Amino acid sequence: PNGVSYAEHILGDLKERLPTEEEFGTEEHVRQHLRPGRFLRIGSEEAPLAQLNWVVSLIASLFLWIFVISCAVVPDDARLAFAFSQTWITQNFTWLYIGTNDAWAFFFMWQCFSRFGKMKLARNESEKPEFSDSA
């Protein structure tokens with residue numbers, strides 16, 4: 001319509017509905033995208049101690065109990081399956097283990113020498129660190 005492509009029309013609608021930067025992380029913005037009744041809340045409305053997504057918790061618990069019961073019922077088969085899995089993983093994914101360790105080492109070195117390496121983790125700049133740099 002009016003010389004605007006369909007993609008530009010859709011993008012324009014999306015940009016109009018996007019929250020501003022001030023609204024983006026607010027609790028009201030998050031709550032409008034949550035399904036009511038999906039979360040089980042422990043504590044009061046003003047100060048919740050914990051929130052659980054009961055659907056995810058139920059499915060995870062179900063899988064965990066199926067796994068535990070199957071290992072308890074047939075322990076010899078479980079032992080063989082674990083031995084086979086461990087052998088297969090160490091034969092096929094040792095390179096991934098070594099590579100991720102190298103990636104973490106490079107990441108931490110980059111952190112040390114970047115502007116974040118001089119950042120002090122304290123309440124204020126004048127506070128003396130509890131431990132030395134070598135600790």
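Here, each number is a calculation from the coordinates, and none is a lab measurement. The structure displayed is predicted, hence computed values, not measured ones. Please note: Cβ atoms are built from the backbone with ideal geometry, for glycine as well, and neighbour counts cover all protein chains shown.
So for the pair ILE69, GLU125, with labels modelled 7 Å out along Cα→Cβ, what separation do we get in nm?
In this crude spin-label approximation the distance works out to 6.2 nm.
Given a Förster radius of 30 Å and the C-beta distance between SER85 and VAL56 as r, what FRET efficiency does 1/(1 + (r/R0)^6) yield to the nearest 0.05? Could you put the intermediate results ahead of the total?
On the way: r = 25 Å, r/R0 = 0.84.
E(calc), rounded to 0.05, equals 0.75.
Where does the Debye-calculated log10 I(q)/I(0) of region 68-135 sit at q = 0.22, 0.24, 0.28 Å⁻¹, using only Cα point scatterers of equal weight, no solvent?
With no solvent term, the Cα-only Debye profile gives -1.00, -1.07, -1.12.
Quick one: which of 123-131, 77-85 comes out on top by average Cβ neighbours within 10 Å, and what's the full order, highest first? Don't skip to the end; give the middle numbers.
On the way: 123-131: 7.2, 77-85: 11.2.
Highest to lowest by the protection proxy: 77-85, 123-131.
Within the set of other residues whose C-beta is less than 14 Å from the C-beta of CYS71, count the net charge using Lys and Arg as +1 and Asp and Glu as -1.
Values: positive: ARG79; negative: ASP76, ASP77.
Taking every other residue near CYS71 into account, the sum is -1.
Report the extension gain between MET109 and GLU46 in nm, rounded to one decimal, defined as 0.36 nm multiplied by the number of residues separating them, less their alpha carbon distance. Intermediate values should be presented prior to the final figure.
On the way: separation 63, 0.36 × 63 = 22.68 nm, distance 4.22 nm.
Full-extension gain reported as 18.5 nm.
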